[in-house]
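Input: a single structure, listed below in structure tokens.
The values are calculated or read from the model by the stated rules, or taken from the named source; none is laboratory data. Keep in mind that what you see is a predicted model, and the values were worked out from it rather than measured. Please note: Cβ atoms are built from the backbone with ideal geometry, for glycine as well, and neighbour counts cover all protein chains shown. Protein only, heavy atoms only, side chains kept; ligands, DNA and RNA dropped before computing areas. Shrake-Rupley method; radii C 1.70, N 1.55, O 1.52, S 1.80 Å.
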Amino acid sequence: MAEKGKKEKSRGEITQRRRRDGGEVRGRKRKSLSSSGKRKEEKKRRSGPRLPNALKRELERLNPTVDGEASDGDDEEIDSDAAVGNDVYEYEEGVAEEESTRNKRYDPVENYEFELPEDFEDWKVPSDGEEDDDENEDPGRHGRLLEDITGLSADAFGGKKKKDLIISEAYPECEFNPTGDILDGNGRISIHDLLDPLHGKSGFSKLRKDLHRMGKKTVPTLAPVARTDQERIERKAAYEQSKKDITKWEPLVKRNREAPTLFFDEDKELGYSTIGAIASEFTPRTDFEKKMASLVNQSEVVDAHKRDGARLLELNEVSIEDVKERQERLAKMRDLLFRHEMKAKRVKKIKSKTYHRLLKKDKSKAAEASIRMDPEAAKEHAMKIEFKRAEERMTLKHKNSSKWAKRILKRGLDAQDDSTKAAFSEQLSQHAALTRKINSIKESSSSDDSSDGDDSDDMSAGSDQEAAEKLIKKAKEKTLQILEGDDELPTSGVLALPFMVRGLKKRKEAADEEAKLALEEYESSLKQMGDTSKSRSSDKDAKGAPGGKMVFGAPEKVVNRTTKKEKVNNYYGDSDSESDADANADDNTLNDHTGKSLKEMDIDPSLLREEFGFSHDSVFKSFGDAEDPEPKTAYEVAYLSSDSWKKVRKSSDAVKGSEADLNVRKPGIVAQTENDPESEQDDDEDSGTDSEVEMVDGILSSGPKSSYELPSQAELIQRAFAGDDVEEDFIKQKEAVLDEENPEPEKPVLLPGWGQWTGVQKRRGLPSWMLKEHEAAKQKRDESLKKRKDAHLNNVIISEKLGKKAEKLHTKTLPYPYTSKEVFEQSIRMPIGPEFNPVTAIGALNRPEVVKKAGVIIKPIEYEDVSVHERGEGGRKGSAPKQGKVNGKNRSRK
Amino acid sequence: MKVKVISRSTDEFTRERSQDLQRVFRNFDPTLRTQEKAVEYVRALNAAKLDKIFARPFIGAMDGHIDAVSAMAKNPANLKWLFSGSMDGDIRLWDLATRQTVCQFPGHQGAVRGLTASTDGRVLVSCGTDSTVRLWNVPLPSHTQDDSSDNDTKPLATYVWKSAFWGVDHQENGELFATAGAQVDIWNHNRSQPINSFEWGKDTVISVRFNPGEPNVLATSGSDRSITIYDLRLSSPARKMIMMTKTNSLAWNPMEPMNFTAANEDCNCYSYDVRKMNEARCVHRDHVSAVMDIDYSPTGREFVTGSYDRTVRIFQYNGGHSREIYHTKRMQRVFCVKFSNDGSYIISGSDDTNLRLWKAKASEQLGVLLPRERKNHEYLEAVKNRYKHLPEVKRIVRHRHLPKPIYKAASLRRIMTDAQRKKDERRRAHSAPGSIVNKPLRKRRIIKEIE
């Protein structure tokens, strides 16, 4: 390799090659050549490690390697060191390099000077033993050189060396004791020589590494930076740091900004979280609590609790007396309960109706008493009654609508036995009672008052004939009133309909007729009045004021009704009047008094009158009297109840067919149903049928029937709007609007005078551009007309004029945060007011951006980790994103 | 037969008192009410008008100082107590509820330039042109009731330092406070000398504010037209930004620790993000003279500014123009403003030696609101907000009566800016494309950012 070449080649070549190879090799050579003085100093140091070097050389000789061939060459020292291998050689190079760099630092120029003598020598001896020659000659030359440079005597450099040489030659030259020449020439001591003996010892590798590092790295320490620059760097670092720190707030701030509402309400202390905590804070306040606490917190009990609880049983002991007493009490209670049960069972088994009636009565009495005593019970009772009435109105349970009632009606009431009939009638009366109560309530304001007044009049009028006289007089007055008084016809509602009005008129006429008849009767009766016996009149008087009954309308009516009932009862053959025995007590007494069979009475009023003579005449008069004003009252309550309608018809019927059939005239409800179910059905219908009946009956003049036919609807309309042509008007109007909004283009005209003299105008007509323009304008107008929304809607005008009023309801430009018109319009589409939204939605719709309470100190924001996960959760909640948390847990809102 | 009836129990539908409400049932079918938009628009219009009618923002003035009010401080722990310092060295503690002086803190020889209170409200720190920092013990609310006769207090400590102070601010939840003067000094309550001093350039620092959210970051403004950010953790300044005009005061957004707003001498306020100081996030314009002081509402949604033009304005945190302007005939140059701790009042201190108490919302109804009242207010507010873009509502909401000088100055400013804009446009039109760059206002006033 390089070593081999060195041997053969001339010195000059070597140096040249070395230059080529690089500074490392050259430097090493240079050193070996030049710094001989130094080498001598080294030799002195080398005295220690000489032996190992020699040993190595011996080893080398024994196992010659490729490198070992050149062991006696000029680079012997290198070889010897390279005994381990190539690595070591390179290592050696490293050391040399270090040296070289140091050299370079010292003085590169000097080095070149040193090389010159080498060339010179090359010229002299290019032999093998060059080194030795060198070595031999060197001292003199070198010494001179040094002398030249330093100005010191050569002895100062070389003297010592020679001395050393001489001294070291103590033994004969051999392998183990090399000569000084050999040592001088090749045996330079490297740091490796020093290191080698340490090989294998602890810390060696570290030392080696350090060495290696030191050899490689020679970075100079920089001079300190200027203070301003340093500060700037610091500031930059600080800024970066604080920037990074502050960025951590970003998600929190973002969340707050995006939240529709920020809450800065007071932090509410929720207090204790667990039941145990709450219980531990409990302090007894009331006496009872204190007593309980004292018992519970007895030291004994507490102790027992703290141990195993066994002692609790001991503390829990009860005296025998207590137990006994309790048992006795319980037994007694049980016994009482049993007895009560038994009694209830027994009572339930009793079949006697009388008993049950009495029981019922007792109960009702008790209830009444309780009502009177206790407002609560009264209220309850009223509620119950109200409920019953409402139920009746809703279900019409007692109006022959049940299966049972329908069946009976189908089979005919005649076919039934008495009890069924009674039940039937009772049911109907119950219905009447339940529904009529409303009438009584509603009429109470008008009719009750009057009745009261009448009653009082009657009562005060003594119990004599005068009373009867007075009654008749009054009746007369009333009939007169009816005759004279013009009942205003209703102008609105159902009764204002033409056929209703007609019906009403007819009925009024009938009533008038009746009234006239009645008047005559009154007259006659008044004449007879002089001979009236007092006792009978007193009877009548008594009848005038029936007690314990609900009062409906005028007292006359009451009279009428009672008699009716009486008749009904009697119709059933006087069997029993249990159902309204108490109610009709007076009537019964009356009946007894007359002592006549009621069948007779039913036959004919005129007969009746004759039979009873004066005494009963008045009574009967009173009947008539009672019936007479009825049409009027019927007017008053007509719309209030169908019941009164019935009465109306009844009265009219009475007039119509009194002579023919008394059963119709004096119809208990049952009687009527019995007679003709059709009329019963009529009851439910409106009075139109009624009037028809009347017309058919022909008792009252129904007027001549004209041959006039109603015109058809279309005809009517045509006739009504004969004068004006609406469609034409509309078309004109529309045209006007169109003209206004899309004006027709002006016809092109020429200015007079232009080209007149020459006749050009006439000849050419209008210029073509004018015509073109006109055409274009026309076309434009047509197009715009076609585009109109109402182009295809013949009956509609849709104005396309933009209203000034509408202008202020539009924004001129799109408001800032919105990006499109649609979004903006959508944002204000849904109303947010309480009228348009349920209460639950309003709060969220109207919530302001910031909710804060006056007087609550708002603390600045506190850091809180808003991780992605948490935000995802918040998004998932979805329904409640209104909650904007501000300060983490502090600002969270429940 | 099926009969439908309405069943209502009397218990539920009977009112207990005549003032009680009748229960109303509504059918919310939109087809039944087709006019709802019109109805709500009219309501919005009426609400806007009513707002104008009820706008009475001025609550009262607090008279007592004998020189211009130069500094104010809120008591973070007490809502109704406010400290104020005046140019003659007088420091007073005010009870806002009664608008009376609770006590005085005599001691300063020159003007009090800075006032601040610790977060617990126990210590008041004041500094002034007499080069002293004084720490005061704030009396307890109950304590002051007792010795109303002797309502003078002595300072806890007085630290004399080298140069005059211009401002002071206390750290949130900490023991440190910073003073501004020839340099920025960080003090501890218990040390007579600053524990740290920052100096970046030789110009006077005129205001200092700690970041309430991030207590180790503070910002200062200097007479070299700069705004500087400091970080105490690294005990070093962080960034400096120089504007065309001086920043008189600045305030951090308490709810957004990265943002602060600077009250500038050029009539505008600039909101900055600490991380991007090369441009303002928002420019708040409307004042017609230098903005002297600024304070954020604790909600972080708006801030109040006091100006040399004798007005106080309220801005949205992201609004380019003010939401409200407050002025009175007697109010002179406003030197300091504060938002109350609950965000519903504003206190201004001005040259006329008075402190003034204002409502933050001019037409807000004070006192206890019934739930129905509150709901109605909310509804009207929401409706007004919804239709605020429509011209009628907008006009009414925006309209303000201004003092003549301010009105004139504003229109003059408008003319000037318009002229400038026109000139720029023309210049741009007549020069090579791209040779003149149009800088937005957010960047225009910034000269440079120094590392």
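Here are the numbers for this structure:
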| item | result |
| --- | --- |
| Failed item in (1) in contact (Cβ under 8 Å) with a residue 12 or more places away in the chain; (2) open to solvent by 80 Å² or more (accessible area, probe 1.4 Å); (3) outside any loop (DSSP other than H, G, I, E, B), with residue B:409 passing the rest | (2) |
| Residues satisfying the stated conditions in the range A:384-425, i.e. open to solvent by less than 40 Å² (accessible area, probe 1.4 Å) and among the polar types (S, T, N, Q) | A:400, A:402, A:416, A:420, A:425 |
| Residue check for residue B:259: closer than 26 Å to residue A:246 by Cα, within 14 Å of chain A (Cβ to nearest Cβ) and buried (at least 24 other Cβ atoms within 10 Å of the Cβ) | yes |
| Tally, over the range B:48-87, of residues that are of a type outside the set (Lys, Arg), outside any loop (DSSP other than H, G, I, E, B) and surrounded by fewer than 22 Cβ atoms within 10 Å (Cβ to Cβ) | 8 |
| Residues (among the aliphatic types (A, V, I, L, M), without any contact (Cβ under 8 Å) to a residue 40 or more places away in the chain and assigned to a helix (DSSP H, G or I)) located in the range A:386-426 | A:390, A:394, A:405, A:408, A:415, A:423 |
| Any hit, the range B:372-384, residues being more than 30 Å from residue B:328 (Cα to Cα) and of a type in the set (S, T, N, Q) | yes |
| Members of the range B:313-329 found to be within 20 Å of residue B:403 (Cα to Cα) and touching a Lys or Arg at 6+ places or on another chain (Cβ under 9 Å), listed by number | B:313, B:314, B:315, B:321, B:322, B:323, B:324, B:325, B:326, B:327, B:328 |
| Index of the failed condition, residue B:41 passing every other in (1) within 11 Å of chain A (Cβ to nearest Cβ); (2) in a strand (DSSP E or B) | (2) |
| Flag for residue B:192 being out of contact with any helix residue (DSSP H, G or I) (no Cβ under 9 Å at 6 or more places or on another chain), open to solvent by 30 Å² or more (accessible area, probe 1.4 Å) and away from every other protein chain (no Cβ under 14 Å) | yes |
| Flag if residue B:326 is among the hydroxyl-bearing types (Ser, Thr, Tyr), within 30 Å of residue B:65 (Cα to Cα) and either in contact with a Ser or Thr (Cβ under 6 Å, 6 or more places away or on another chain) or within 10 Å of chain A (Cβ to nearest Cβ) (or both) | no |
| Any hit, the range A:835-857, residues being assigned to a loop (DSSP other than H, G, I, E, B), among the aliphatic types (A, V, I, L, M), within 9 Å of chain B (Cβ to nearest Cβ) and more than 29 Å from the chain's Cα centre (by Cα) | yes |
| Number of the condition not met by residue B:339 [criteria: (1) more than 9 Å from chain A (Cβ to nearest Cβ); (2) open to solvent by 10 Å² or more (accessible area, probe 1.4 Å)] | (2) |
| Breaking point among (1) facing another protein chain (nearest Cβ under 10 Å); (2) open to solvent by less than 20 Å² (accessible area, probe 1.4 Å), for residue B:232 | (2) |
| Residue that is most open to solvent (accessible area, probe 1.4 Å) [pool: residues in the range B:351-397 that are in contact with a His (Cβ under 9 Å, 6 or more places away or on another chain), facing chain A (nearest Cβ under 10 Å) and in contact (Cβ under 8 Å) with a residue 12 or more places away in the chain] | B:364 |
| Residue B:68, sole failed condition from (1) more than 14 Å from chain A (Cβ to nearest Cβ); (2) at pLDDT below 95 | (2) |
| Some residue of the range A:789-802 being touching an Asp or Glu at 6+ places or on another chain (Cβ under 9 Å), over 30 Å from residue B:257 (Cβ atoms) and within 8 Å of another protein chain (Cβ to nearest Cβ) | no |
| Residue A:813 vs. criteria within 12 Å of chain B (Cβ to nearest Cβ), farther than 30 Å from residue B:344 by Cα, loosely packed, with under 11 Cβ neighbours inside 10 Å and among the β-branched types (Val, Ile, Thr) | yes |
| Positions within the range B:257-284 being farther than 23 Å from residue B:223 by Cβ and under 15 Å from the mean Cα position of the chain (by Cα), in sequence order | B:259 |
| Single residue of B:344, B:348 found to be within 18 Å of residue A:847 (Cα to Cα) and of a type in the set (Ser, Thr, Tyr) | B:344 |
| Residue A:288 being assigned to a helix (DSSP H, G or I), modelled with pLDDT of 80 or more, at negative phi and open to solvent by 60 Å² or more (accessible area, probe 1.4 Å) | yes |
| Filter result (open to solvent by 100 Å² or more (accessible area, probe 1.4 Å) and under 22 Å from residue B:243 (Cβ atoms)) within the range B:424-437 | B:437 |
| Verdict on residue A:330 being surrounded by 10 or more Cβ atoms within 10 Å (Cβ to Cβ) and more than 30 Å from residue A:359 (Cα to Cα) | yes |
| Exclusive hit being under 27 Å from the mean Cα position of the chain (by Cα), among the basic types (Lys, Arg) and farther than 30 Å from residue A:825 by Cβ, set B:372, B:413, B:428 | B:413 |
| Single residue of the range B:313-322 satisfying the filter (within 12 Å of the chain's Cα centre (by Cα) and within 14 Å of chain A (Cβ to nearest Cβ)) that is most open to solvent (accessible area, probe 1.4 Å) | B:316 |
| Residue in the range B:329-340 that is over 23 Å from residue B:267 (Cα atoms) and under 24 Å from the mean Cα position of the chain (by Cα) present | yes |
| Filtered residues of the range A:791-810 (kept if closer than 30 Å to residue A:730 by Cα and either open to solvent by 80 Å² or more (accessible area, probe 1.4 Å) or of a type in the set (Ser, Thr, Tyr) (or both)) | A:792, A:794, A:795, A:799, A:800, A:801, A:802, A:804, A:805, A:807 |
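Residues checked against (1) away from chain A (no Cβ under 13 Å); (2) open to solvent by 10 Å² or more (accessible area, probe 1.4 Å); (3) in contact with a Phe, Trp or Tyr (Cβ under 6 Å, 6 or more places away or on another chain):
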site	(1), (2), (3)
B:221	yes, no, no
B:224	yes, yes, no
B:236	no, no, no
B:243	yes, no, no
B:253	no, no, yes
B:263	yes, no, no
B:279	yes, yes, no
B:288	yes, yes, no
B:297	no, no, yes
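So that you can scan it fast, the table gives a plain yes or no per residue for (1) open to solvent by 20 Å² or more (accessible area, probe 1.4 Å); (2) in a strand (DSSP E or B):
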{"position": "B:197", "(1), (2)": "yes, yes"}
{"position": "B:201", "(1), (2)": "yes, no"}
{"position": "B:214", "(1), (2)": "no, no"}
{"position": "B:218", "(1), (2)": "no, yes"}
{"position": "B:227", "(1), (2)": "no, yes"}
